[in-house]
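What follows is one structure encoded as C-alpha cells, with my remarks underneath.
The values are calculated or read from the model by the stated rules, or taken from the named source; none is laboratory data. From a predicted model like this one, the values you see are computed outputs, not experimental measurements. Neighbour counts are summed over all protein chains in view; Cβ atoms, including those assigned to glycine, are modelled from backbone coordinates with ideal geometry. Only protein heavy atoms, including side chains, enter the accessible area calculation; ligands, DNA and RNA are left aside. Shrake-Rupley method; radii C 1.70, N 1.55, O 1.52, S 1.80 Å.
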Amino acid sequence: MIKDNVSRILADIPEGVQVVAVTKGKSAEEALEAVESGISIIGENYLQEALKKHREIGKKENLKWHFTGHLQKNKVKKAVRIFDMIQTVDSAGLAEEIDRQSGQIGKVMPVLIEYNSGREESKSGVMQEAIIPLVTNLSKLSNIRISGLMTIGAFHDEPEEYRPFFKEARNIFETVRSMKIPGVDMKYLSMGMSGSYKIAIEEGANIVRIGTLIFGERK
Ligand SMILES: *Cc1c(COP(=O)(O)O)cnc(C)c1O
C-alpha cells in the first residue's frame, strides 16, 4: 500500500518539488518502505521518535531527515546531530541555540523560518510582520543557513481554503528573496500536506510534506 501511494504521488509531482514523507506515529519499517519506493526525505515531529527511527534506518544512503515539529531548546543538541534541515524555526532564541549546537559539531544547519500564515496565536510560527526583522537578525549566525520558509496554515476541510495562506506565504517568500540579504539563501518554500499539496504546488511550493496519503490515517 505504501509503495503504491508513493508511486502515485511521485508520478503526480512536478520536477523540482521535493516530497517529505512525514512519519510521525509510524514505524521505522513503514518509513523504510516509503524510502524503498522512492522517498528520499523523512520528516519527523518528535525528537525521541526520530532518534529511534534514525538508529534503525539512518544509515540508508542519500536519505535526508527534516525536523517538522515544534523543537524545544533543550532538544536542539540531539536534533542537530541527526537532522539535515530544521523546518520550524520560529524564534531568535531557538535559532541561536541551533547555531551554537551546530557549531559545536562543525555543522552548518539549513533552517526554514516557520511562518504563521493562519495568524493563530495558539500556533507556532512567526507572524508576517516579524519575518523580515527575524531573518535579518539571524543572517549573521554562521552555523545556520536560512534557506526559506515553511508554513502550515489554519486548519480547513476544503483544500481550496488553504490557497490564501499559501499565496501569502509565497508573497513574503519572494519579498525576502528579493532583498538578497547576505548569508540568506531563500531557496525552499515548504507548504502543503496530504489534502492540500496540489494547491500548494500551484502556489509555488517546492517542498511538500505528506503523511496520511502515504502511510494512511494516524491513530
Ligand atoms: C503531520 C504533519 C504533516 C503531514 O500531514 P498529513 O495531513 O498527514 O499529510 C505535514 N506537516 C507537518 C508540519 C505535520 O505536522
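Observations on the model:
- Most fluctuating residue given options S122, S147, S102, as computed from a GNM of the chain linking Cα atoms under 10 Å: S122
- Selection from V126, G103, F215, by position along the positive dipole direction of the chain (Cβ): G103
- Considering only alpha-carbon pairs that sit under 8 angstrom and 6 or more positions apart, the relative contact order computed for the chain is 19 percent.
- A 1.4 Å probe run over the chain, with the rest of the protein chains in place, finds 48 Å² accessible per residue.
- Each label point was placed 7 Å from the Cα along the Cα-to-Cβ direction; for K64 and E129 their separation is 3.4 nm.
- Comparing H70, H156, H54 in a Gaussian network model of the chain (Cα springs below 10 Å), the most mobile by mean-square fluctuation is H156.
- Hits among lysines - C-alpha to C-alpha of K180 under 17 Å, sequence gap 8 or more where chains match: K140
- Nonlocal amide H pairs with M85, under 5 Å, H built at 1.01 Å: W65, F67
- When the Cα atoms of segment 102-219 are aligned to their principal axes, the ranges along those axes come out at 40, 30, 27 Å in descending order.
- Cα point-scatterer Debye curve for segment 1-119, base-10 log of I(q)/I(0) at q = 0.11, 0.17, 0.20 Å⁻¹: -0.38, -0.87, -1.11
- Kirkwood radius and radius of gyration were both taken over the C-alpha atoms of the chain, and their ratio Rg/Rh is 0.94.
- 3J(HN,Hα) along segment 26-37: 10, 7, 4, 5, 5, 4, 5, 4, 5, 5, 6, 9 Hz, from the Karplus curve 6.51 cos²θ - 1.76 cosθ + 1.60 with θ = phi - 60°, whole Hz, x for Gly and Pro.
- Only lysines eight or more places from K198 in sequence, or on another chain, were considered; those with a Cα closer than 22 Å are K3, K24, K167, K187.
- Multiplying the residue separation of E217 and R55 by 0.36 nm and subtracting their alpha-carbon distance yields 55.9 nm.
- Candidate aspartates and glutamates - alpha carbon under 17 Å from K78, same-chain residues fewer than 8 apart omitted: E44, E49, E56, E96, E97, D99
- Net charge dipole size for segment 1-132 [Lys, Arg +1 and Asp, Glu -1 on Cβ; Debye, nearest 20]: 560
- Carbon + sulfur, % of accessible area of the chain - ligands and nucleic acids excluded, 1.4 Å: 49
- Overall dimensions of segment 52-116, expressed as equivalent-ellipsoid semi-axes from the Cα gyration tensor (√(5λ), whole Å, largest first), are 20, 13, 11.
- Amide H to amide H distances under 5 Å link I146 with V111, D185, where only residues 5 or more positions off or on other chains count and H is placed in the peptide plane.
- If you run the Gaussian network model on the chain, springs between alpha carbon atoms under 10 Å, then out of I82, I181, I113 the most flexible one is I181.
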